[in-house]
Amino acid sequence: MAFRSQRTMRIHTLLAWGVMLALVWLNLPAAETALLVLAMAAVLSAELFNTAIEAIVDLTMGDRHHVIAGRAKDLSAAAVLVTAAGAAIAGLVVLAPPLAAALGLGRLDAVTVGRAAVLLAVLGFVAVVLRRIGERSGPELGTPRGTR
């Protein structure tokens, strides 16, 4: 159900397959492979929990809107975002140096990659916050989603 109905689940699954291909190609040590497999499993699990929470809220609330129901859906989506950001940072720190070496791009150390990953995460977070502020401002403030 989640794979067919949730676009982000399809995106996360596609990214997980890409990471798995990179893991096979790079032949990384077991500890690094296990870390990335756990990170992928955490993201997919968070997405499944998010889908379940949204389904329960939708079933319970029907067409009615309640602030707490909206907050529950927002928080479950935020949990997916936080999990995906953490997995992306772990993936960059683990995969970037061996990928750069395999592609002949020179040596990348984990500290440089980590700094770049944190910068990207902060920029992504700011973009999401600004988008949410834009969604909540204006005359339609307080109207249920999907009715704007």
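What to note about this one:
- Selection of region 56-72 for residues being among the charged types (D, E, K, R) and either within 18 Å of Arg132 (Cβ to Cβ) or part of a loop (DSSP other than H, G, I, E, B) (or both) yields Asp63, Arg64, Arg71.
- Checking region 54-62 against the condition returns no match, with no residue being out of contact with any Asp or Glu (no Cβ under 8 Å at 6 or more places or on another chain), within 16 Å of Leu99 (Cβ to Cβ) and crowded, with 16+ Cβ neighbours inside 10 Å.
- Scan of region 1-46 for residues that are in contact with a Ser or Thr (Cβ under 6 Å, 6 or more places away or on another chain) and part of a helix (DSSP H, G or I), ordered by number: Ala2, Leu23, Ala42, Val43, Ala46
- Residue in region 117-134 that is modelled with pLDDT under 75 and more than 28 Å from Arg71 (Cα to Cα) present: yes
- Neighbours by Cβ (under 7 Å, 6+ apart or cross-chain): first from region 69-90, within 19 Å of Trp17 (Cβ to Cβ); second of a type in the set (D, E, K, R) and assigned to a helix (DSSP H, G or I): Val80/Glu47
- Being in contact with a Gly (Cβ under 9 Å, 6 or more places away or on another chain) and not β-branched (Val, Ile, Thr) holds for only one residue in Ala39, Ala72, and it is Ala39.
- Qualifying residue in region 3-10 (condition: small (Gly, Ala, Ser) and either touching a strand residue (DSSP E or B) at 6+ places or on another chain (Cβ under 7 Å) or at pLDDT 90 or above (or both)): no
The values are calculated or read from the model by the stated rules, or taken from the named source; none is laboratory data. For clarity, every value in this text was computed on a predicted model and none was experimentally measured. Note: ideal-geometry Cβ built from the backbone for every residue, glycine included; neighbour counts use all protein chains shown.
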